[in-house]
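Taken together, the values in this text are just the output of simple stated rules run on the coordinates, not laboratory data. Values in this document were obtained by computation on a predicted structure and should not be read as measured data. Here the Cβ is made from the backbone with ideal geometry for all residues, glycine too, and neighbour counts use every protein chain on show.
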Amino acid sequence: MTFTVWLSLVAICLLGAMSPGPSLAIVAKHSLAGGRNHGLATAWAHACGIGVYALVTVLGLSVLLHQFPIVFKTISLLGALYLAWLGFNAIRSKGGIVERLESGKQVSVASAAKEGLFISLLSPKIALFFTALFSQFVAIGSEVSDKAIIVATPLIIDGLWYTLITFMLSSPRLLDSLKSKAKIIDQLSGVVLILLAVRVVYTL
């Protein structure tokens with residue numbers, strides 16, 4: 001895998017992590033209600049769930065690529081449509097990232113981590129996103145080292161992003177800045193996701 005291809009993977013993983021949804025809600029809830037330690041536990045437990053999804057998806061898509069190329073291309077096309085749908089919804093967003101910054105009842109650090117893990121493992125949105133995301137990279141990276149990079153990258157990106165969210169929620173000034181730019185973040189993410197969908201279709 002070339003450095004340029006890896007940068008593309010990093011960009012998509014970052015957009016996926018930044019996309020407003022239940023994952024952001026659960027990290028925000030525990031960060032605001034329980035403090036920094038609760039937020040970090042939730043963030044990295046969630047990242048471990050992302051790593052499990054990434055591994056399972058890479059192995060499954062690799063089998064389809066070699067044994068059923070038509071099925072693989074069909075999944076890639078559906079994945080591209082899903083990316084475009086996510087992008088369209090992000091562009092129409094009225095600040096979805098802010099709407100997910102919710103507080104809640106404080107629980108133990110272990111319970112916060114468990115919720116972070118389960119919200120990633122049980123999310124159909126994440127399963128669909130990974131199928132859409134990895135189809136193009138599995139076709140490129142055939143070596144074991146490539147697959148390891150494809151699995152490790154989203155895990156680390158996800159953990160770092162939600163670590164940043166946790167620290168932001170500990171700083172009122174940074175939180176206010178995030179709220180003021182939420183709509184712009186959503187719209188830029190939407191445009192990039194649509195462009196990525198076009199790229200997937202073009203490379204089929």
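In what sequence, highest mean first, do 25-32, 1-8, 158-165 appear when ranked by Cβ atoms within 10 angstrom?
Final packing ranking: 25-32, 158-165, 1-8.
Apply the Karplus curve 6.51 cos²θ - 1.76 cosθ + 1.60, θ = phi - 60°, to the phi angles in segment 109-120 and return the couplings in whole Hz, x for Gly and Pro.
For segment 109-120, the Karplus curve yields 4, 4, 5, 4, 5, 5, 5, x, 5, 5, 5, 7 Hz.
Output ³J(HN,Hα) for segment 162-169: one whole-Hz value per residue in order, computed from phi by the Karplus curve 6.51 cos²θ - 1.76 cosθ + 1.60 with θ = phi - 60°, and x for Gly and Pro.
For segment 162-169, the Karplus curve yields 6, 5, 4, 4, 4, 5, 4, 6 Hz.
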